[in-house]
Amino acid sequence: MTEAVWLVPALPFLGFIVDLFAGRRLGRAAGWLATLSVAAAAVVAVGVGLDVLAHPAEERTTIVHLYDWIRVGAFSAAADLRVDQLSVLMILVVTIVGTLIHLYAIGYMEGDPRLGRFFAYLNLFVSFMLVLVLAENLLLLYVGWEGVGLCSYLLIGFWFDRPAAANAAKKAFVTTRIGDTFMLVGIALVFLRLGSLDFSVVLDPAIEAVQPSGVFTVIALLLFAGAIGKSAQVPLHVWLPDAMEGPTPVSALIHAATMVTAGVYLVVRTHLFFEISGVALVVVLVVGVVTALYAALSALGQDDIKRVLAYSTVSQLGFMFTAAGMRAYSVAMFMLAAHACYKALLFLSAGSVMHGTHELSDLKRMGGLRRRMPWTAGAAIAGALSLAGVIGLAGYVAKDEILAIASETGRTAVWVLGTLAALLSALYIGRWLFLTFFGDPRSEEAGRAHESPPVMLVPFLALAVGAVGLGVLMLDPETGLVPTFLEPVLGAVPHGDAGVEAAVLVVISQVVALGGLAVTWLVYASARVDWLALRLRLAPLPRFLGHGMYVDDLYARVLVAPAKAGSAILATVVDAGAVDGLVNAVGRLFQSLAGVGRRVQTGLVRTYALAFLLGALALLAYVGVRG
Amino acid sequence: MSTPIAYFLVVSAALFTIGTVGVMVRRNALVIFMSVELQLNGVNLALVAFSRLHGNLTGQVLTFFSMVVAAAEVVVGLAIIVYVFRRRRTANVDDLAVLRW
């Protein structure tokens, strides 16, 4: 079965080809075809997973050679797929969550004139994402990496006739490209200094002796820069909130469950570089904590139903990097899987709300939707409780393990800031939940909302099971299923005896989670507080947070404006003046020379005949003189 | 005894000169064309005369080539002239001086 792993990315690619060329003729069937192709890939992925499980723990890594891709001199990159515990976990998450979101999209995109194109892009995305996580060398990984970036661009800008969507797509592409460029340099450096791009060579612990640790620091930081761009971490996080202009299934699949977690995957996959470096690991930790806190604060100020979730995703990814920065790679991976479930669930319920209220997306104008959309509300409640970290749910298991590790290993600052971010998470998701589904409708659309069709509701159930119950896979960080499964690849979860008692940690986390939810219930749903008036009184604060602390505006002033001014100078003075001037001067020179020469051309046949005759005579005379 | 070569060359030169002057001074495209044919025939005559003088057939063979080429040239040239005449209602080459600076 492992040998057939190539089918996993190939099946969605086949779906892409068919939908691309026959999408229009297929009509509604295009969506079903796309869903089936991903579902088939999921079946193969499960088969591969079972095959891997059937081997003893030390023999679970298989490299499936497809063909020699590039072989130039000393450089070689083969199209090899790596099947090990880590990639199996990733393909399972991608294909299963992908199938559910495809199914949902059939209902959500109903009636769109470019349905076939939409599902073609979605399938292409899944295919590239699977190449990314299955790649055995960094170059093939980079192919998948750029491929998902392309699909992200195409899908954010799917409704490109809206200027906001077209601009958001461009912004996402350019911003992630900044990170990607660093990453490509990092990949080149890996080959130059370590002599290969294959994971089986460069991720061998023996590689440490090949180069001084400074080289590994540079490589790790360059690769991490790529991860920052892709996973929307500070300072390259600005594209993700804007990416919400895309259709909601896209936000759920690409900008919550899969593509944005590629950065986490990259760091976890190449964690050897980060560990040898040491410094790089600290950078990952700092970026993770700062992002978790910053994005959670910003999420609190958002009024758009999807932008709250976008900032939330940024924040949760920050938690994952925090875990990776503390060497708790399997915890990061578990959180990745759990987050894929509960965040996809939240996005899909947000999409369902927008579907049922004629594209209403302003939280201020919603309210009371749980009565008209009970299934959607149920899904949102399950996702929100999991995200907030209510005990026993998947989100709790992941996040509290991260905080517990921070506390145990004596990283008090990380623990305090992480707990603060957790509190903010409970606050923003509580606000989101209560403003949307509780209280009374605050607009006509909200009052006339209708529940979505069953095809959109079925995925809710499956994802809700994941969001609630995925925690059973990691009941204990030492003996849980996921950590023991991943241990041969990622090492054991670190432990220490510093910090407070485990029981106290649980109490604190529950106070934080339930307290946060209770406060938001009191403010937004109990009708005991006039939150609109409160909001007006505090106006500058919501505005500050709502604009993401003006980071976007800062970039616009500090980076974009000087770049534009510089380009203007280059365009007018250098290009139009110097370069064009030089080229035009050469042109004018020859024009004036030709002005003299062209007088010869009279157009009169007899003049030409005379010239011809004189020429013939001259030739004759020359021959005569020479003898 | 055969006729001295000089006789043939005089006639040949006369034909060529008439043709050359015709090309230079006449304006009617058809007449210029006929003059070109005269030049060609002047040269053909010289070729045949020299061929006879030297006692081999090279010059005569070359003459056949030049006649065939001349025939082909006439076909193309006349076609152009006929077309030009149909479009411009003139065969005067001085009126056809559009291809210039």
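The values are calculated or read from the model by the stated rules, or taken from the named source; none is laboratory data. Predicted, not measured: the structure shown is a model, and the values here were computed from it. A quick note on method: Cβ atoms are made from the backbone with ideal geometry, for glycine too, and the neighbour counts reach across all protein chains shown.
Could you look through segment A:287-321, keep only residues that are at pLDDT below 95 and polar (S, T, N, Q), and pick out the one that is surrounded by the fewest Cβ atoms within 10 Å (Cβ to Cβ)? Among residues in segment A:287-321 that are at pLDDT below 95 and polar (S, T, N, Q), the one surrounded by the fewest Cβ atoms within 10 Å (Cβ to Cβ) is A:302. Cβ-Cβ distances below 7 Å connect no pair with a first residue in segment A:598-627 that is more than 19 Å from residue B:97 (Cβ to Cβ) and more than 12 Å from every other protein chain (Cβ to nearest Cβ), a second residue that is assigned to a helix (DSSP H, G or I) and modelled with pLDDT of 85 or more, and a separation of six or more residues or different chains. For segment A:418-432, the criterion of a residue being charged (D, E, K, R), under 28 Å from the mean Cα position of the chain (by Cα) and over 29 Å from residue A:527 (Cβ atoms) is satisfied by no position.
Between B:98, B:31, which is of a type in the set (Val, Ile, Thr) and over 30 Å from residue A:594 (Cα atoms)?
Matching residue, one of B:98, B:31: B:31.
Do we find that residue A:116 is crowded, with 24+ Cβ neighbours inside 10 Å and over 25 Å from residue A:233 (Cα atoms) in this structure? Even if it seems obvious, please write down each step before you answer.
Values: crowded, with 24+ Cβ neighbours inside 10 Å: yes; over 25 Å from residue A:233 (Cα atoms): yes.
Criteria met by residue A:116.
Applying the set (1) assigned to a helix (DSSP H, G or I); (2) more than 10 Å from the chain's Cα centre (by Cα); (3) away from chain A (no Cβ under 14 Å) to residue B:44 leaves exactly one unmet item: (2). From the list A:50, A:36, A:11, A:26, exactly one residue is under 23 Å from the mean Cα position of the chain (by Cα) and hydrophobic (A, V, I, L, M, F, W, C). Which is it? None of the others qualify; the one that does is A:11. Just so you know, in segment B:47-65 the residues that are exposed (fewer than 15 other Cβ atoms within 10 Å of the Cβ) and under 16 Å from the mean Cα position of the chain (by Cα) include one that is farthest from the other protein chains (Cβ to nearest Cβ), and it is B:64.
Just one of (1) closer than 24 Å to residue A:65 by Cβ; (2) of a type in the set (D, E, K, R); (3) over 13 Å from the mean Cα position of the chain (by Cα) fails for residue A:146. It is (3). Scanning segment A:484-514 for residues that are within 20 Å of residue A:389 (Cα to Cα) and surrounded by 15 or more Cβ atoms within 10 Å (Cβ to Cβ) turns up A:505, A:508, A:509, A:510, A:512, A:513, A:514.
Which of the helices (runs of 4 or more DSSP H) found entirely inside segment A:199-269 contain at least 3 residues meeting this: over 22 Å from residue A:293 (Cα atoms)?
Fully inside segment A:199-269 and qualifying: A:199-202, A:213-230, A:248-252.
The one condition from (1) over 30 Å from residue A:285 (Cα atoms); (2) surrounded by 18 or more Cβ atoms within 10 Å (Cβ to Cβ) that residue A:447 does not meet is (2).
Within segment A:57-99, work out how many residues are in a loop (DSSP other than H, G, I, E, B) and surrounded by 15 or more Cβ atoms within 10 Å (Cβ to Cβ).
Of the residues in segment A:57-99, the ones in a loop (DSSP other than H, G, I, E, B) are A:60-61, A:73-74, A:84.
Of the ones still in play, those that are also surrounded by 15 or more Cβ atoms within 10 Å (Cβ to Cβ) are A:60-61, A:84.
Result for segment A:57-99: 3.
Residue-wise test of (1) β-branched (Val, Ile, Thr); (2) touching a residue at least 40 places away in the same chain (Cβ under 8 Å).
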| residue | (1), (2) |
| --- | --- |
| A:4 | no, yes |
| A:8 | yes, yes |
| A:40 | no, no |
| A:47 | no, yes |
| A:50 | no, yes |
| A:64 | yes, yes |
| A:69 | no, yes |
| A:75 | no, yes |
| A:81 | no, yes |
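Of the conditions (1) free of Cβ contacts under 8 Å to residues at least 40 places away in the same chain; (2) over 30 Å from residue A:163 (Cα atoms); (3) not hydrophobic (A, V, I, L, M, F, W, C), residue A:181 satisfies every one except a single condition; which number is it? Residue A:181 satisfies every listed condition except (2). Could you tell me whether segment B:65-83 includes any residue that is part of a loop (DSSP other than H, G, I, E, B), out of contact with any Gly (no Cβ under 6 Å at 6 or more places or on another chain) and farther than 28 Å from residue B:4 by Cβ? Within segment B:65-83, not a single residue is part of a loop (DSSP other than H, G, I, E, B), out of contact with any Gly (no Cβ under 6 Å at 6 or more places or on another chain) and farther than 28 Å from residue B:4 by Cβ. Residues that are among the basic types (Lys, Arg), surrounded by 12 or more Cβ atoms within 10 Å (Cβ to Cβ) and more than 7 Å from every other protein chain (Cβ to nearest Cβ) within segment B:77-101 comprise just one, B:88. Picking from residues in segment B:19-37 that are out of contact with any Leu (no Cβ under 9 Å at 6 or more places or on another chain) and at the interface with chain A (Cβ under 9 Å from one of its Cβ atoms), the one that is nearest to residue B:92 (Cα to Cα) is B:27.
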